[in-house]
Structure formats: structure tokens, C-alpha cells
Amino acid sequence: MHTLAESGQAPREDTAVIGREVWPVTYPRGEVRASDFRVVEVEVRHPRPGEVLVRNTWTSVDAALRLRLRETAPPGYFPAFPLEEPMDGIMTVGEVVESRADGFSPGDMVWHALGWRDYAVVEAGKQALGGVGTLTKLDVDVAPPQAHLGALGANGLTAYAGLFHAAGLRDGDVVWVSAAAGAVGSLAAQMAKIRGHRVIGSAGSDEKVRYLLEELGLDGAFNYKRGPLPDLLREAAPDGIDVYFDNVGGDHLEAALGALRRSGRVAICGMISEYAAKEPPHGPGNLMLAVTKGLTIRGFRASGHTHLLPEMRRQVGAWVREGRLHCRETIVDGLPQAPLALAGLLRGDNTGKTLVRIDGGTHRESTVD
Ligand SMILES: NC(=O)c1ccc[n+]([C@@H]2O[C@H](COP(=O)([O-])OP(=O)(O)OC[C@H]3O[C@@H](n4cnc5c(N)ncnc54)[C@H](OP(=O)(O)O)[C@@H]3O)[C@@H](O)[C@H]2O)c1
């Protein structure tokens with residue numbers, strides 16, 4: 001860790017706490033490694049009018065971070081993370097320790113988008129992550145704070161918007177969800193199941209397949225590493241599918257186009273198989289099937305559906321309380337381990353939502369009233 005003592009700087013007068021931040025120092029080539037990042041000690045100031053100081057307790061680890069850990073992010077997406085700077089735009093939850101913003105008090109649990117650090121000064125009302133990450137007070141009676149990073153947060157919104165809006169789920173649809181044991185995938189698969197659909201899930205290990213069948217109660221599941229995808233999919237859904245919830249892209253999307261029935265729909269949520277590609281990937285070789293079968297292929301982003309957040313939180317909160325929706329977590333302890341948690345997620349080591357549990361520093365009381 002790079003400490004303030006090493007920098008030889010005298011502490012600033014308005015410093016509230018010495019915090020730690022994880023900064024990228026190089027863009028990963030292929031796999032993400034711990035050496036692509038460093039942990040830096042920083043002085044975190046007291047909040048000014050309209051701001052709060054938050055002690056972050058949990059921070060999110062997301063597949064899509066890989067898209068921003070490169071020289072340029074895909075056009076239209078959130079920008080690439082600059083090197084040697086804090087990574088702004090990662091969901092996190094924490095406790096307000098000082099507030100100079102109306103509507104927020106010390107002790108409030110909140111979410112915001114200044115993750116991968118243990119303390120953050122956050123401006124109330126300032127839009128972050130397209131509105132998904134704007135400072136928001138949490139109802140922790142519904143579920144523990146970290147659930148607001150998963151089922152009750154951006155992941156829940158992604159699954160909800162993708163299934164019910166992008167894919168326009170209809171009665172009787174047979175649904176395939178890829179990366180179904182991951183954060184978004186496990187929610188999408190369960191939501192479709194709760195709504196009465198026949199749901200097939202795919203994942204990258206036999207253990208995950210067992211999780212999908214035995215814990216999530218899916219109707220079919222397969223390990224995509226165990227054979228040609230079109231064969232595995234045909235075996236799981238002999239009469240074809242109506243909806244494909246795509247988290248993977250590449251060969252998975254191609255297999256889905258082959259299996260979709262007439263007027264089938266694809267909700268493109270993400271394409272994790274292509275995020276670390278060195279060369280621009282080719283599109284599916286069988287795209288003509290979209291014409292012959294009259295398919296609808298629709299990409300979407302959670303940030304385009306923030307108006308659904310209250311409805312999603314109400315609905316998903318009820319499913320969680322009733323025990324109908326399960327939230328498995330892969331927890332990695334300690335802020336400095338965040339890069340390794342991301343590397344593990346991209347390799348498929350995770351099941352459910354990947355989270356880093358942060359243990360904070362020591363906060364000095366404010367001298368500002
Ligand atoms: N559109 C949106 O607004 C939005 C928002 C959030 C996330 N997303 C997208 O949703 C997807 C899931 O993200 P997440 O954060 O929830 O991650 P996650 O599913 O918890 O973790 C990623 C999973 O992808 C699987 N995977 C990795 N490489 C793969 C490959 N080459 N082929 C097949 N599977 C592979 C791994 O599981 P296996 O063991 O099964 O391989 C891994 O567990 C990503 O595509 C992400 O970009 C989109």
C-alpha cells in the first residue's frame with residue numbers, strides 16, 4: 001500500500017479520516033491481476049453543504065468493470081477508468097458518518113457509486129451511473145445492506161428490466177438464461193421461474209448446475225463446458241426456446257439464435273465472453289435466422305430503466321421476504337482484495353453476487369457545524 005507518510009505531505013486541516021482507495025495502474029492484458037492495481041492512502045475531507053461523508057461497508061464487484069479497465073470503453077458506455085485515479089462509478093453501500101445534506105443523517109445506510117474505497121464524500125442529488133448510483137437511503141429492514149447491491153439494487157433492476165421490458169416476457173415462454181449462476185443471471189432465472197415460466201440455465205461448472213437445479217429450482221440446466229452448446233441446449237429444451245436472456249454473447253448468442261422459435265426474443269444484457277478479447281469479436285454466423293424466424297433482438301441497460309426502481313424494489317423485496325427469491329453471495333474480505341475478487345468473477349469462481357466486505361479506518365469528528 002502507498003501510505004501518506006511515504007508521500008511526506010502534512011495532513012490537510014479539513015481531513016476527516018485517512019482512507020484507502022483502489023486505483024488501476026495499468027489496463028489488464030487478458031486476465032485481471034492484482035498488479036494492475038494499487039491501494040492508496042488518501043485524506044478524505046469533511047463534507048461541505050449538500051454532501052455527506054460515508055463509511056463504505058460493502059462494495060460491488062461487477063463483470064462490466066472489465067469494460068472500463070481498458071484504454072477506451074465501448075462507445076456510448078460509461079467511460080474507461082483513468083489510470084492512477086480512484087474508480088468513480090462502482091456501486092457501494094455504507095453508513096453516513098457526517099451529513100451536511102438535507103434528508104441524510106449520521107447512521108443512515110445509503111448506496112452510492114463511489115466504491116472500491118473505504119470512505120467517500122458524496123454529493124446528494126448528483127446523478128451517478130446514469131441515475132442507478134445516485135445517493136439513496138436504504139430500507140435495511142427489508143434486507144441487509146449488501147442485498148441492495150444485488151437483488152434490491154442495480155442487479156435486480158437489470159434482471160427485471162431485461163426480462164419484463166426488453167424481452168417482453170409472455171405467458172408460456174420458455175426462457176434460457178446464460179451465466180445463470182452469477183449475480184444478474186441468478187436473479188433473471190428466478191424471476192422468470194416465479195412468474196411461472198419454464199426456465200433453462202447454463203453455467204460453467206457441474207457444481208453451479210446443481211445450484212441451479214436444486215437451490216433455484218430451474219427446470220433444466222447444463223454446464224456449457226461439457227459439449228457443443230447447440231447440443232446441450234437442444235437436450236435441455238427439445239422444443240426450442242422463446243426468450244434468451246444473454247449475459248455471455250459469442251457462441252451462446254449463436255446457439256440461442258439456432259434454438260429460438262418463431263417470434264422469439266433476445267434481451268442482450270451483456271457479452272462477458274468478449275470483454276477481454278484482444279481482437280474485435282465477430283458477430284453470430286447465423287444472424288440470418290433473425291430474419292427467417294422473425295426474431296426481436298434488443299439490447300438494454302439498467303440505467304435506461306431507473307423509473308422501474310421503486311416497482312422492482314417493492315416486488316423483489318416481497319419475493320425476498322416470502323423466501324421465494326434466493327440471494328447467494330460470494331464474499332471476499334478486505335478492500336485490498338477487490339481486484340482479486342474481480343479476477344475471480346471473470347474466471348467464474350463466483351456464485352451469486354460478488355461482494356467485497358470492507359473494514360474501515362478511523363474517522364475524526366467534524367469540526368465544521
Ligand atoms: N445491461 C446492464 O445494464 C447490465 C448490468 C449489470 C450487468 N450486466 C451484464 O450481466 C452479465 C453478468 O454480470 P454480473 O456482474 O452479474 O457477473 P456474474 O454473472 O456474477 O459473473 C460473471 C459470470 O460470467 C461467467 N463467464 C465468464 N466468462 C464466460 C465465458 N467466456 N462464457 C460463459 N460464461 C462466462 C462466469 O460464470 P461461469 O462459471 O458460468 O462461466 C461468471 O461467474 C455481464 O455480461 C454484465 O456485463 C449488464
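Scanning the range 96-127 for residues that are of a type in the set (D, E, K, R), in a loop (DSSP other than H, G, I, E, B) and either at pLDDT below 95 or more than 27 Å from Pro24 (Cα to Cα) (or both) gives Arg100, Asp102, Asp108. For Ala277, the test of being assigned to a strand (DSSP E or B), on the phi < 0 side of the Ramachandran plot and within 16 Å of the ligand (Cβ to nearest atom) is failed. For Arg195, the conditions (1) open to solvent by less than 20 Å² (accessible area, probe 1.4 Å); (2) free of Cβ contacts under 8 Å to residues at least 40 places away in the same chain are fulfilled apart from (1). If you filter the range 320-341 down to residues that are of a type in the set (Val, Ile, Thr) and assigned to a strand (DSSP E or B), you find that the one that is nearest to Leu213 (Cα to Cα) is Thr330. Residues that are crowded, with 17+ Cβ neighbours inside 10 Å and more than 16 Å from the ligand (Cβ to nearest atom) were ranked within the range 345-362; the one that is modelled with the lowest pLDDT is Gly360. Entry remark, the range 289-344: residues being more than 11 Å from the ligand (Cβ to nearest atom), in contact (Cβ under 8 Å) with a residue 40 or more places away in the chain, within 30 Å of Trp23 (Cβ to Cβ) and open to solvent by 70 Å² or more (accessible area, probe 1.4 Å) number 1 in total. In this structure, Thr158 does not qualify as among the polar types (S, T, N, Q), open to solvent by 10 Å² or more (accessible area, probe 1.4 Å) and either in the same structural domain as Leu346 (by TED's automatic domain parsing) or on the phi > 0 side of the Ramachandran plot (or both). In summary, helices (runs of 4 or more DSSP H) completely within the range 128-223 and bearing 3 or more residues that are farther than 27 Å from Val110 by Cα and within 15 Å of the ligand (Cβ to nearest atom) occur at 206-210.
Out of all the residues in the range 62-85, is one or more of a type in the set (A, V, I, L, M, F, W, C), within 15 Å of Ala338 (Cβ to Cβ) and part of a strand (DSSP E or B)? Among the residues of the range 62-85, not one is of a type in the set (A, V, I, L, M, F, W, C), within 15 Å of Ala338 (Cβ to Cβ) and part of a strand (DSSP E or B), which makes the answer no.
Scan the range 22-32 for residues that are surrounded by fewer than 21 Cβ atoms within 10 Å (Cβ to Cβ) and in contact with a Leu (Cβ under 9 Å, 6 or more places away or on another chain) and the total you get is 6.
Which is in contact (Cβ under 8 Å) with a residue 60 or more places away in the chain, open to solvent by 40 Å² or more (accessible area, probe 1.4 Å), in the same structural domain as Asp219 (by TED's automatic domain parsing) and not basic (Lys, Arg), of Ala267, Ala276? After ruling out the rest, the residue left standing is Ala276.
The values are calculated or read from the model by the stated rules, or taken from the named source; none is laboratory data. The shown structure was predicted, so the numbers you read here are calculated from the model rather than taken from an experiment. In this analysis, Cβ positions are derived from the backbone assuming ideal geometry, glycine residues included, and neighbour counts consider all displayed protein chains. Protein only, heavy atoms only, side chains kept; ligands, DNA and RNA dropped before computing areas. Shrake-Rupley method; radii C 1.70, N 1.55, O 1.52, S 1.80 Å.
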